[in-house]
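Below: one structure, written as structure tokens.
The values are calculated or read from the model by the stated rules, or taken from the named source; none is laboratory data. Quantities reported herein were computed from a predicted structural model and do not represent experimental measurements. Methodologically, a virtual Cβ is constructed for each residue, glycine included, from the backbone with ideal geometry; neighbour enumeration extends over all protein chains shown.
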Amino acid sequence: MKSSKSLTIKTDISSVKKKEIFIKSYVELIKKLKFNNISPQEAHDLVIKNKYQTNKRYFWTMEKLSYYLDARFRELRNYAVKKRKWMKKKTKKEVVNNIIYNFNQLKFDKEIIKAAKEGLIFSKRVDSCRRAVVGEGLYAIKGVFKKNFFMYFPLKKFDARKEVQTLQKLVSEKKHSPKFIKKNWKSYSSTSDKLLETMWINKETRLKYLSIYTFAYWAYDQGTIDFIK
């Protein structure tokens with residue numbers, strides 16, 4: 001029988017049962033970091049990864065959320081067109097100047113508000129998630145969700161059913177609510193993933209894909225996000 005050796009744990013940070021630690025000053029924080037042999041660079045990287053999450057997983061999550069918003073907005077637009085509340089055809093320049101205004105004004109229309117409350121505009125969230133994955137949004141064309149999935153995870157197997165379930169959790173569970181707050185959104189220029197930065201900032205590679213998140217970041221205000229989600 002092997003003799004047991006005692007294991008000395010330097011701090012409760014590394015213990016199995018994590019206890020809440022309250023650090024009230026930078027001086028105390030530095031002492032904790034030194035005590036746990038955490039370098040300044042490592043501390044910085046951990047903060048960026050956990051607080052700002054600018055890696056590819058963060059941006060793929062935001063892309064998925066945007067596919068959902070895109071599918072929901074299509075439902076709203078279809079109702080607005082039916083009721084002749086969508087913008088009339090204008091010149092190209094006028095459309096560009098008015099698109100954001102029109103996108104974010106529908107939520108103020110009394111008839112639309114009433115119809116949304118009566119369930120006449122939006123379908124069940126799970127159905128919107130299915131359409132998002134298939135590519136039946138306002139701007140997301142068929143197959144683009146799957147295509148962009150492989151851009152982020154080229155070695156993974158794509159499972160449409162699993163993606164619908166994951167997306168449904170993302171849009172339904174309370175813990176994900178902060179992801180719908182636009183002021184928390186990060187642009188691709190802030191990504192910590194160099195490959196991802198190249199994909200979306202480089203003009204040649206960007207043209208091969210369709211970033212719905214980039215569109216949502218540009219087009220929707222917080223009120224519209226809250227209305228359609």
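Tabulated values for the structure
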{"item": "Residue that is nearest to residue 69 (Cα to Cα), among those in the stretch 145-171 that are of a type in the set (D, E, K, R) and surrounded by 14 or more Cβ atoms within 10 Å (Cβ to Cβ)", "result": "163"}
{"item": "Meets criteria (in a helix (DSSP H, G or I), in contact with a Lys or Arg (Cβ under 9 Å, 6 or more places away or on another chain), more than 20 Å from residue 67 (Cβ to Cβ) and at pLDDT 90 or above) for residue 132", "result": "no"}
{"item": "Single residue of the stretch 80-98 satisfying the filter (surrounded by 14 or more Cβ atoms within 10 Å (Cβ to Cβ) and under 17 Å from residue 220 (Cβ atoms)) that is modelled with the highest pLDDT", "result": "80"}
{"item": "Answer from 183, 142 - the residue that is assigned to a helix (DSSP H, G or I) and either exposed (fewer than 13 other Cβ atoms within 10 Å of the Cβ) or among the basic types (Lys, Arg) (or both)", "result": "183"}
{"item": "Test result for residue 114, free of Cβ contacts under 8 Å to residues at least 40 places away in the same chain, touching a Gly at 6+ places or on another chain (Cβ under 9 Å) and either part of a helix (DSSP H, G or I) or within 20 Å of residue 80 (Cβ to Cβ) (or both)", "result": "no"}
{"item": "Some residue of the stretch 191-211 being closer than 24 Å to residue 128 by Cβ and at pLDDT 75 or above", "result": "yes"}
{"item": "In the stretch 1-54, residue modelled with the highest pLDDT [restricted to those that are among the basic types (Lys, Arg) and in a loop (DSSP other than H, G, I, E, B)]", "result": "24"}
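Let's see how each residue does on (1) without any contact (Cβ under 8 Å) to a residue 24 or more places away in the chain; (2) closer than 20 Å to residue 211 by Cα:
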position: 123; (1), (2): no, no
position: 138; (1), (2): no, yes
position: 146; (1), (2): yes, yes
position: 151; (1), (2): no, yes
position: 169; (1), (2): yes, no
position: 176; (1), (2): yes, no
